[in-house]
Amino acid sequence: MGGKCCKSGPDKDALETEKLKRLCQKRHRARIKAAEKIQSWWRGTLVRRTLLVAALRAWMIQLWWRTLLWRRVLKQRRDLLKIYVIQEEAAVKLQSWVRMWQCHRRYCRICNAVCILQAPKSYFAFQTSDILQAQYEVTPNQPEFHIEILSV
């Protein structure tokens, strides 16, 4: 009978079928690995996109909050400035009233002094008929006052 070199029949077909089966399984495993790589890449892309959206939203919220805080600080500064201006205006007004009162008081004192100096003619006996001139000097913080008596 023939030799061992040429086998035909069910054994050869079974070996071919087994080979094809292994090849199909190998291809199937390679496809599954490729699909897993594509899926993992896609999931990573989705996660990164979601994280980017979340980061952008967080950044927008932070920006909104910082803007709100900055506006609050500016409002506080403006309110403090308004209070400062009101206080300064009140202080200036009060100082002007005090100065006005002091000037009025000095003026009244000078007027009273002038009234005392203005006595009837019979009380004064001047030896000359020239015009009498008198000067009243005050300290530098008081107004100067000049009295001129033109006739006696």
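Taking a probe of 1.4 angstrom, what is the accessible area of R77 in Å², to the nearest 10?
For R77, solvent-accessible area is about 140 Å².
Which whole-number value in Å² is the accessible area per residue of segment 32-91, probe 1.4 Å?
Here the residues of segment 32-91 average 97 Å² of exposed surface.
The values are calculated or read from the model by the stated rules, or taken from the named source; none is laboratory data. Fair warning: this is a prediction, and the values are worked out from it, not measured in the lab. Heavy atoms of the whole protein, side chains included, go into the accessibility calculation; ligands, DNA and RNA do not. Shrake-Rupley method; radii C 1.70, N 1.55, O 1.52, S 1.80 Å.
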